[in-house]
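In what follows, a single structure is set out as structure tokens and then discussed.
The values are calculated or read from the model by the stated rules, or taken from the named source; none is laboratory data. Bear in mind the structure is a predicted one, so any value in this text is a computation, not a measurement. Counting neighbours? That spans all protein chains shown, and the Cβs are built from the backbone with ideal geometry, glycine included.
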Amino acid sequence: MRINELLGIKYPVFQGGMANISDGAFAAAISEAGALGIIGAGGMNAEALAEQIKICKDRTDKPFGVNIMLMNPDADRMAEIAAGEGVAVITTGAGNPGKYMKMWNDAGIKVFPVVSGVALARRLEDSGAFGIIAEGCESGGHIGELTTMALVPQVVDAVKIPVIAAGGIASGRQMAAAFALGACGIQAGTMFLVSSECPVHENYKEAVIAARDTGTAVTGRSAGAPVRVLKNAMVREYLKLEKEGADLMELEKFTLGSLRRAVKDGDTKTGSVMAGQVSGMLKEIRPAAEILENLMKEYENVRI
Ligand code: TUI
């Protein structure tokens, strides 16, 4: 069974809960367009999250989700707020949400942790996850080691709950490939970055559209926090210093606040423009409904 049937939504598509980007109005617009909109709590505190959930509820009666980024220092309070607000879905990223699972399940929320490997997927199935989002390293932002092609079938074989594929998916062909790997839905972030409704600075969207296939790089491997971003002057300097063995404090100077600088100020030269490897295939800014209609049309015409 496809995930849209299980959740009562039109398309089997989750919008990745992008930190500092996916606010309540955006998530509502995506849910209205037929996918599952997800508020990215990553760059927020608990009060901001409560406010964005209210905005989302005011704008849509359709199900939506909240992504709790587990490295956020306010994650405990945000976990409680999401539980209290009774959102339909919670996704998590960048860590193990085990300690929140009982609270969320008791609140009747369907929890889909994002994992980048099989071991955590198994553990979270045992802790009561409704489904698993298996995210390959084609994704933008914080990533694991494995590609979507290698990761998804291994997670599908390891668990009995539904698996959503994420990373490297922005077309009907890629969605068909994800289903062939055993996924019952997809999650896309980069594809929605270039939607008309996405509240990132126009420069950010234009940078994604201008990117070529090899336009992304991974910073932070030496620090143990790999993050995929579009190549720019800051990234080239960062990678040079990283290769020369710069210490973490020195590298930190480049990353502190750099995502916000790109998202809010449109500084795509020294800001951190998180985006996935599919950037090279995104060519225009379109309304989310049109993006989704095209995705489904292409998917239905795939012959394998
Ligand atoms: O979380 C993401 N992507 C993100 S979060 C983010 S905000 C940020 N900003 C600056 C620096 C770093 C992050 C931007 N993009 N995706 C989900 C994801 N989760 N990918 C990989 C993982 C993951 C990694 C390790 C999940 C679990 C995990 O397990 C660790 C453990 O405890 O077993």
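Which members of region 225-261 meet the condition of being touching an Asp or Glu at 6+ places or on another chain (Cβ under 7 Å) and away from the ligand (no atom under 15 Å from the Cβ)? Across region 225-261, the qualifying residue is only LEU241.
Considering only residues in region 53-84 that are within 16 Å of the ligand (Cβ to nearest atom) and not hydrophobic (A, V, I, L, M, F, W, C), the one that is surrounded by the most Cβ atoms within 10 Å (Cβ to Cβ) turns out to be ASN67.
A single member of ALA46, ALA88 is away from the ligand (no atom under 12 Å from the Cβ), modelled with pLDDT of 95 or more and out of contact with any strand residue (DSSP E or B) (no Cβ under 7 Å at 6 or more places or on another chain), and it is ALA46.
Taken together, the criteria place GLU252 among residues that are in a helix (DSSP H, G or I), within 23 Å of ILE21 (Cβ to Cβ) and at pLDDT below 95.
Take the residues in region 242-272 that are of a type in the set (A, V, I, L, M, F, W, C) and surrounded by fewer than 16 Cβ atoms within 10 Å (Cβ to Cβ); name whichever of them is farthest from ALA217 (Cα to Cα).
Pass one, region 242-272, residues of a type in the set (A, V, I, L, M, F, W, C): 246, 248-249, 251, 254, 256, 259, 262-263.
Remaining after also requiring surrounded by fewer than 16 Cβ atoms within 10 Å (Cβ to Cβ): 248-249, 256.
Working: LEU248: 18, MET249: 21, LEU256: 18 Å.
Per the stated criteria, the residue is MET249.
Of the helices (runs of 4 or more DSSP H) lying entirely inside region 112-219, the ones with 1 or more residues being within 16 Å of the ligand (Cβ to nearest atom) and touching a Cys at 6+ places or on another chain (Cβ under 7 Å) are found at 190-193.
Filtering region 280-294 down to residues that are within 27 Å of LYS231 (Cα to Cα) and not β-branched (Val, Ile, Thr), which residue is surrounded by the most Cβ atoms within 10 Å (Cβ to Cβ)? Full working, then the answer.
Initially, region 280-294 is screened for residues within 27 Å of LYS231 (Cα to Cα), giving 280-288, 291.
Checking which are not β-branched (Val, Ile, Thr) leaves us with 280-284, 286-288.
Details: GLY280: 18, MET281: 16, LEU282: 22, LYS283: 10, GLU284: 9, ARG286: 16, PRO287: 13, ALA288: 24.
Ranking the candidates gives ALA288 first.
Scanning region 1-20 for residues that are crowded, with 24+ Cβ neighbours inside 10 Å and in a loop (DSSP other than H, G, I, E, B) gives PRO12, GLY16, GLY17, MET18.
Scanning region 91-111 for residues that are within 14 Å of the ligand (Cβ to nearest atom) and of a type in the set (D, E, K, R) yields a single hit, LYS99.
For MET296, are the conditions met, namely being modelled with pLDDT under 90, part of a helix (DSSP H, G or I) and either away from the ligand (no atom under 14 Å from the Cβ) or under 17 Å from the mean Cα position of the chain (by Cα) (or both)? No: the conditions fail for MET296. Selection of region 28-43 for residues being within 16 Å of the ligand (Cβ to nearest atom) and either surrounded by fewer than 20 Cβ atoms within 10 Å (Cβ to Cβ) or more than 17 Å from ILE109 (Cα to Cα) (or both) yields GLY42, GLY43.
If you go through region 115-148 and keep only what is within 15 Å of GLY276 (Cα to Cα) and in contact with a Lys or Arg (Cβ under 6 Å, 6 or more places away or on another chain), you end up with GLY140, ILE143.
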